[in-house]
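Before any comments, here is the structure.
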Amino acid sequence: LESWAKVLLFFHLIAAFVALGGAVHLLIRLVVTLKKRPDSFHVVHIHNYILFLSYSTCMLLGALLYPTFRVRVRYEYFDTALPWATALFEIKEHAAALALFPVLLLFVLLRNTDFRDPSHRQYIPLCALMLLWVIGTLGFNAWCGWYLGTLRSV
């Protein structure tokens, strides 16, 4: 897939920003649902699907890009000239893998939650905390991806 690396990287970036936007909007909707309108739960479900699909797409595209990145960027440049950039990339990748857990948990939890039911509203703070984790990871990873891309890209 080396000939498609630039295109895949572009869509990887788009998926990452859609995931970040979806997570922020989901957090806002959860807060609105908790504070004011439990009847707007359908919008929570839409943002939940957007976050899940875009995060999954971002992970899949990153996995498709990784062999090209490993040879053309990491081995040929980062490992020898900038070993700290390799370490930063590894931190970015581990953070993305760890954030997959709350994304999956949110997807399952929010799919089976009806916020019109008062007993289900107790899950909103837990979901908000998981979303803050995901938003922090996505923000950090977007910055790392941009920064490392300025040093060298596929």
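Taking the numbered list (1) open to solvent by less than 70 Å² (accessible area, probe 1.4 Å); (2) modelled with pLDDT of 95 or more in turn, F41 passes all entries but (2). Taking the numbered list (1) free of Cβ contacts under 8 Å to residues at least 24 places away in the same chain; (2) more than 12 Å from the chain's Cα centre (by Cα); (3) exposed (fewer than 15 other Cβ atoms within 10 Å of the Cβ) in turn, G136 passes all entries but (2). If you check T80, T86, which single one turns out to be in a helix (DSSP H, G or I), open to solvent by less than 70 Å² (accessible area, probe 1.4 Å) and β-branched (V, I, T)? Of T80, T86, the one residue that is in a helix (DSSP H, G or I), open to solvent by less than 70 Å² (accessible area, probe 1.4 Å) and β-branched (V, I, T) is T86.
The residue that is most open to solvent (accessible area, probe 1.4 Å), counting only those in segment 111-131 that are outside any helix (DSSP H, G or I) and without any contact (Cβ under 8 Å) to a residue 60 or more places away in the chain, is N112. Any residue that is open to solvent by less than 50 Å² (accessible area, probe 1.4 Å) and more than 22 Å from N141 (Cα to Cα) - is there at least one of those in segment 94-110? Yes: one or more hits. State whether one or more residues within segment 55-76 are crowded, with 16+ Cβ neighbours inside 10 Å, modelled with pLDDT under 90, in a helix (DSSP H, G or I) and in contact with a His (Cβ under 8 Å, 6 or more places away or on another chain). No, the conditions are met nowhere in segment 55-76.
Against the list (1) free of Cβ contacts under 8 Å to residues at least 60 places away in the same chain; (2) farther than 23 Å from A19 by Cα, the condition E90 fails is (2).
The values are calculated or read from the model by the stated rules, or taken from the named source; none is laboratory data. All values derive from a computational prediction rather than experimental measurement. Here Cβ is always computed from backbone atoms with ideal geometry, including for glycine, and neighbour counts include all displayed protein chains. With ligands, DNA and RNA removed, areas are computed over all heavy atoms of the protein, side chains included. Shrake-Rupley method; radii C 1.70, N 1.55, O 1.52, S 1.80 Å.
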